[in-house]
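What follows draws every value from the coordinates through simple rules; no lab data is involved. In this text the structure is predicted, and so the values were computed from the model without any measurement. Cβ: placed from backbone, ideal geometry, glycine included. Neighbour counts: every protein chain shown.
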Amino acid sequence: MGGLLCGLNYAPRNLNNIRAERCLILCQRVKRAVNNILTLVAAEANSSPEDDGHSGTAAHPPSADLIRLARVSLGNTLLESFQFGLMTPLVGTGLVPGWHALSCTVVPTEAVSGAVKQREDVWQIFEQYYALKKGHEYNSMPARTLASAFKMPVEGGVAVTPRQVLFDEMMQVQRSHESAYKSPDVKFRSLVCAGMNHGLLAAWCQMVTSTDELTSRFYEPWSCVSTRSSTLNSDLERLSQLRFRLSTDPPPAASIGGDMEDVVSGPAD
């Protein structure tokens, strides 16, 4: 009996150690992905004599290597970091579903009011933030609606805060990817590219991970978001001084099915 009790006492501690080690590994992979991007950008800048001082990314289209590092290496690893410790919530038990705020379709009443088990993904966590912070109201302003429809600048209503830029980019990604039937994970990777383009990826992740209404509801206390968000954001902040020109359009579909980025991804690092 003593041995059994000893095993029961040590099991949680061992499990916590495993979780902490997994979070550490994910953070190290994010850091390595950021290092690889910075190294590639520096190498490409040095090999381009006509570079305009913007790390070779503002004046020239991104290379295939840079696209792979952004979407596959950083995008997938950041996705895993946000997924580790993500709980399975009950739909309709507090927050308005974020996908309703961004979707153009009508949501059945029972999907909102019923306590139905539904696994959240990382894109939906960002959608929950969009709903919580009134992103729909922001993007529904007449000037913004007209500008979005015709891809025109908003006179007197330019997005000036990181949150407003996030709302703009989330709406653009949702519209372009929904019509192409892309998965939430593909949408998230496109949002990562948008954050890199604006130098706001770290700021966007920090806004979401510091929102207690989301972290307390959707994440376990041992999750990477709950325990390692400051480390993740610190590494992502190193990309903030650069401006990229990564496409945020839906990636092309491979002939064998699925997204091209998923087919060629392989290991995230």
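Treat each spin label as a single point 7 Å out from the Cα along the C-beta direction, and report the R32 to S240 distance in nm.
2.6
Which residues does a label at T161 reach in region 205-219, if reach means a backbone N under 16 Å from a point 7 Å past the Cα toward the Cβ?
205-212
Along the Cα→Cβ direction, 7 angstrom out, place labels at A43 and Y181. What is the inter-label distance in nm?
Label at A43, label at Y181, 3.8 nm between them.
Work out from phi, with θ = phi - 60° and the Karplus expression 6.51 cos²θ - 1.76 cosθ + 1.60, the ³J(HN,Hα) of each residue of region 236-249, listed in order in whole Hz, and give x for Gly and Pro.
Running phi through 6.51 cos²θ - 1.76 cosθ + 1.60 with θ = phi - 60° gives 5, 4, 5, 8, 6, 7, 9, 10, 9, 10, 7, 6, 10, 6 Hz.
If the chain between I25 and T88 were fully stretched, how many nm would it gain, using 0.36 nm times the residue separation less the Cα-Cα distance?
Values: separation 63, 0.36 × 63 = 22.68 nm, distance 2.32 nm.
Working it through step by step, the gained length comes to 20.4 nm.
What's the extension gain from S230 to N16 if we count 0.36 nm per residue and subtract their Cα-Cα distance?
75.1 nm
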